[in-house]
Each structure stands twice: as C-alpha cells, then as structure tokens.
Amino acid sequence: MSGPETIGVVGGGAWGTALAQVAASAGHAVTLWAREAEVVAGINDAHENAVFLPGVALSPAIRATQEWSDLADARAILVVTPAQHMRGALANLSAHQAPLILCSKGIEAGTLLPLHEVARQAVPGAPIAVLSGPTFAHEVAAGLPTAVTLAAEDAALAAELAALIAQPTFRPYASTDVIGAEIGGAVKNVLAIACGVVDGAGLGQNARAALIARGFAEMTRFGLARGARAETLAGLSGLGDLVLTCSSTSSRNFSLGRGIGQGTPAASLLENRLTVAEGAHTAPVLREAAAQAGVDMPITQAVCRLLEGAPVAATIDALLSRPLRSEA
Ligand SMILES: NC(=O)c1ccc[n+]([C@@H]2O[C@H](COP(=O)([O-])OP(=O)(O)OC[C@H]3O[C@@H](n4cnc5c(N)ncnc54)[C@H](O)[C@@H]3O)[C@@H](O)[C@H]2O)c1
Ligand SMILES: O=P(O)(O)OC[C@H](O)CO
C-alpha cells in the first residue's frame, strides 16, 4: 500500500497544499482540486501556491485542477476545505468510493454534525477517515517533524492510510476513535481564540496556562458526552493541538483572539479575511451543541460573546466571578 498511487486533495488552502507536498514526498502523484484559478495556475506553472502558502517550492508531482472528474482515479482523497464548505464540495464527489481522509477542523452549522457524518451523508459509498493533530501548514511543508492522529472506524483502513502518506518527518498514529479525533481539532480552535484574548489583553502566562487546563476540561466534558475516548482527547488531536494552537501567533485563531484582546472589534478582524479562522465559525455551533448535550462550556460561551462584540474586560470579569467549584 505504500507504493506510488495517485492521491487526490480537495482544497488549495495552506493545509491542502502542505498535505499535497507530503503525499508527493511519499512518492505519489497528486491531483489537487482548488477553487481559485490563480492557485491552479500558480501550482502548475510555477510550482508555488503564492496565495495561501507563499515561498514554498512545491513538488512537480502535484498537478492542480478545477475539474472534479480529475479526481476519479485517486486511491484516496484528502478533504481540506473550510469545515462549513465541506458538504458543498463533497456534493461533487457523491459517487466516489475511494477513502476520504477529512483534514478540516470544525462542526457543521445548522445540523451540528461532526464532519465525518457530513461526509458519510454526502458520499455514502466512501470509507471515511479523519486526520488531525498539531500541524502548522508551513512547518509541515518545510518538512519539519510532525505527528498526527489518523482515525477510521476500521482499524485496518486507518493503518493502511497511515502507511500511504507516512514520511519520516510526518508520522500518522492510527486510531479507531473518529469522533474523538474530530472533537479535539474543532474545540481547540475556539479555545485558541480565548488564549489569544488573554495574551492580547496582557493577562499573563499564569492565566494562559489556566485557560489551557480549564479549556481541556471543557473539551473533555464535551468529547465524552459525544462518545469520544478520553485517551484520544489527551493525545495529538486533542491536547497536543490545543497546546500548539494556544501558544503561537502562527495560529490564525490565536491571532484573532489576540487582536480582540488588544481592543479591535471581532467583526473588523473577520471582515474580508483571505484565510480561515475556524474557531470563529465553530464557537456558536459548539455552544449550541454543548447546550443540546447538557455540557457546561463557560470558555466557549465567553468566546461567543466576544465574537458578538461584548467588551473584553466585562467578559473576562464574568468568567472569573463565576461561583467556585471543584476541579474534577
Ligand atoms: N493551515 C493550517 O495550518 C491547518 C492545519 C490543520 C488543519 N487546518 C484546517 O484545514 C482547513 C482548511 O484550512 P486552510 O488553512 O487550508 O485554509 P486557508 O485559510 O489557507 O485558505 C482558505 C481556504 O478556504 C477556501 N474557501 C474560501 N471561501 C470558500 C468558499 N466560499 N467555498 C469553498 N472554499 C472556500 C479557499 O479556497 C482556501 O482553500 C480548515 O478547517 C483548517 O482548520 C489548517
Ligand atoms: O492557524 P490555526 O489556528 O487555524 O491552526 C492551524 C492548525 O489547526 C494547528 O494544528
């Protein structure tokens, strides 16, 4: 299974492009579907995605396209659209039977469905897997060491897909906990906004560490309520990604929060964005899903209020003045 195959990628943003580079480095031909004509032209003519991943010399084994039919012979397809556009993209692949590896992080608005259930509805004949973990695209594209969770209900499929894309510097760890792998990646983006707010408002590193720990408690409560396994939430796709995204301005979510903490209105930070800060889209969906599951998520609620324009100081005061409770 680890020999050369054609791998498809849907989504020509930073992460889709970095994963295309990983697949090409593993010796595969790669067909990357991108939405923007200039991304397709740049990859095919100059071997660069100057829009979303500038400065990275891409493998000539990556061929970009805007034709869905070009993905027909793919051995597996990495799906890397923004979460809220996944259903629309997958509608173009509804008859496919090759495994789909979902690499986006979010929960679908309206349905409150995790993305593997969205994919199952949209492409009923395809086996579904989830790839998630602490992965800044620019580091992966530069070949820096990275480890991820690759989850599929079928353990053999998870192991096969891991072997298909593994590289010495890109280590997928196979898992059968699909919902666990998804929930970590979705929730950490919301918590990263909160950590960015703490940083931007100058609340100190004690506060950031407390937020990571209490945020992880929130992630765990919600994850367990939705059927995730505790060990997955404490692994690469949960705690691992939470720590990464809550500690660096390389994170779009952390940076969004930092801007809010410094006093810039969320609406103006979100207006006309080229790149996606998934946490801003996930936060209200997560708040609704948590309410439906009867799970208390005070940090997520605070992030929602900040995104809706609530003042930073009053929102932090409200979070800190909740009644004392036990840690467990
Ligand atoms: N960038 C990373 O380091 C990274 C790492 C892991 C996971 N992810 C996840 O991957 C997913 C894609 O993120 P990214 O960083 O590749 O994106 P990006 O921010 O680099 O690029 C934006 C993407 O959104 C697409 N897009 C914009 N408007 C659209 C629309 N109306 N319909 C369909 N697509 C539209 C663009 O074509 C582009 O592919 C997200 O869920 C993100 O959380 C990103
Ligand atoms: O830049 P962010 O905040 O979207 O984070 C990117 C990845 O999800 C980190 O694992």
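Put in line by how crowded their Cβ is, counting other Cβ atoms within 10 Å and starting with the fewest, 115, 211, 157 read 157, 211, 115. Each helix, a run of at least 4 DSSP H residues, gives -39500 (n - 2.57); summed and divided by the residues of the chain, these come to -14000 deg cm²/dmol at 222 nm. Relative contact order for the chain: what is it in percent, counting Cα pairs under 8 Å that are at least 6 residues apart? The normalised contact order for the chain reaches 15 percent.
Taken as entire DSSP H runs, the helices of the chain that both span 20 Å or more between Cα atoms along their own long axis and average 1.0 or more on the Kyte-Doolittle scale are 178-200. Each Lys or Arg adds one and each Asp or Glu takes one away; over the other residues whose Cβ falls under 13 Å from the Cβ of residue 130, this sums to -4. Other residues within the sphere of radius under 13 Å centred on the Cβ of residue 277, judged by their own Cβ, net out at +3 (K and R +1, D and E -1).
For the range 6-176, the relative contact order comes to 20 percent (Cα pairs under 8 Å, sequence separation of at least 6).
Amide H to amide H, with H built 1.01 Å from N, residue 78 comes under 5 Å of 8, 9, 10, 101, counting only residues 5 or more places away or on other chains.
As a proxy for reagent exposure, ranking 255, 248 by other Cβ atoms within 10 Å from fewest up yields 248, 255.
Bear in mind that the values in this text are calculations on the coordinates, not laboratory data. What you see is a predicted model; the values in this text were computed from it and never measured. Ideal geometry is used to build each Cβ from the backbone, glycine not excepted, and the neighbour counts take in all protein chains shown.
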